[in-house]
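The values are calculated or read from the model by the stated rules, or taken from the named source; none is laboratory data. All values reported here derive from a predicted model rather than from experimental measurement. When we count neighbours, we look across all protein chains shown, and the Cβ atoms used for this are built from the backbone with ideal geometry, even at glycine.
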Amino acid sequence: MIGAAAAAVLDSPENAPPPSGIASGDIRPLAAANLTGVGGQAVSPGVLIVAKPAHDEIGNLRKSQRIDDQRIEAQRQAEREAEEARRPKVVAPVQGEITSNYGPRWGTNHYGLDIANRIGTPVYAATDGVVREAGPASGFGLWVKIERADGTMTVYGHIDSYAVREGEQVKAGDLIARVGNRGISTGPHLHFEVWEPDGRKADPLAWLQARGAGIS
């Protein structure tokens, strides 16, 4: 008799294991489970499965979405950094025929590199930097001056027009001007100079070649 009673207790719904996927804390006995009918047998306790609040599920979804967004943004940032690392930091300002090098010329020193090409040929920023001047210049007609982060200045003279303004941030390879024949000039060309941070004027062709850029 005792064994049968124990088995009955173990087999009752309130002692049964919770259904698959439902935590024991989510199960509550029904409040009316202990009521008895008139003249009848006692009603076995029932079981009510209480669902987790909807806001918990929404919170989990939002957390999962945030994690996905962060992962995607990290991947995009890595791609941007890789692209920036591949980008050339020094480029030739224009392609064309070199008509005059840096050094002595006609009894004086020529501090630039003359590269001939048609009027209107694109001129590009040789380096990243900030535009310090863009406009009229004595002897050059028009020029653009760009200062690098290390203080090096690149100069673009005899241009026909310019596409940048003072204070603008540019990157190597950005269009900044067009080849011209303004100022004291013997024909359409770009006069390109490189000024070191201490003010010395470097050989532009050697400076470009040392940084992997050349004129062709």
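Table: residues versus (1) closer than 30 Å to H158 by Cβ; (2) outside any loop (DSSP other than H, G, I, E, B); (3) touching a helix residue (DSSP H, G or I) at 6+ places or on another chain (Cβ under 9 Å).
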position	(1), (2), (3)
D68	no, yes, no
I72	no, yes, no
Q75	no, yes, no
R80	no, yes, no
E83	no, yes, no
P88	yes, no, no
G120	yes, no, no
P136	yes, yes, no
So which residues in segment 90-105 are under 18 Å from G139 (Cβ atoms), touching a residue at least 12 places away in the same chain (Cβ under 8 Å) and surrounded by fewer than 15 Cβ atoms within 10 Å (Cβ to Cβ)? T99
Among strands (runs of 3 or more DSSP E) lying entirely in segment 149-204, which contain 2 or more residues that are out of contact with any Asp or Glu (no Cβ under 8 Å at 6 or more places or on another chain) and in the same structural domain as E133 (by TED's automatic domain parsing)? 175-178, 189-195
Evaluation of L205 against (1) on the phi > 0 side of the Ramachandran plot; (2) touching a residue at least 40 places away in the same chain (Cβ under 8 Å) (one fails), failing number: (1)
Within segment 169-200, take every residue that is charged (D, E, K, R), in contact with a strand residue (DSSP E or B) (Cβ under 7 Å, 6 or more places away or on another chain) and surrounded by 15 or more Cβ atoms within 10 Å (Cβ to Cβ) and give me the one that is nearest to A134 (Cα to Cα). R178
Among (1) farther than 18 Å from G212 by Cα; (2) exposed (fewer than 14 other Cβ atoms within 10 Å of the Cβ), W143 falls short only on (2)
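Taking the conditions exactly as written (more than 20 Å from the chain's Cα centre (by Cα) and modelled with pLDDT under 95), does N109 satisfy them or not?
Working: more than 20 Å from the chain's Cα centre (by Cα): yes; modelled with pLDDT under 95: yes.
Yes, satisfied.
Matching residues to (1) at pLDDT 95 or above; (2) over 20 Å from A163 (Cα atoms); (3) among the hydroxyl-bearing types (S, T, Y):
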site	(1), (2), (3)
P45	no, yes, no
I72	no, yes, no
Q77	no, yes, no
E83	no, yes, no
P93	yes, no, no
T121	yes, no, yes
A126	yes, no, no
P136	yes, no, no
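If you scan segment 106-137, which residues turn out to be loosely packed, with under 13 Cβ neighbours inside 10 Å, at negative phi and free of Cβ contacts under 8 Å to residues at least 40 places away in the same chain?
Looking only at segment 106-137, we keep the residues that are loosely packed, with under 13 Cβ neighbours inside 10 Å, and these are 106-109, 118, 120, 135-136.
Then keep just the ones that are at negative phi; that gives 108-109, 118, 136.
The answer is T108, N109, P136.
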I'd like to know if segment 201-214 contains one or more residues that are at pLDDT below 95, surrounded by fewer than 16 Cβ atoms within 10 Å (Cβ to Cβ) and among the polar types (S, T, N, Q). no
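For segment 161-216, what are the residues that are in contact with a helix residue (DSSP H, G or I) (Cβ under 8 Å, 6 or more places away or on another chain) and either closer than 16 Å to Q95 by Cα or among the aromatic types (F, W, Y) (or both)? Please lay out each step first, then the result.
The initial filter retains those residues of segment 161-216 that are in contact with a helix residue (DSSP H, G or I) (Cβ under 8 Å, 6 or more places away or on another chain), namely 192-194, 214-215.
Hits for segment 161-216 are F192, E193, G214, I215.
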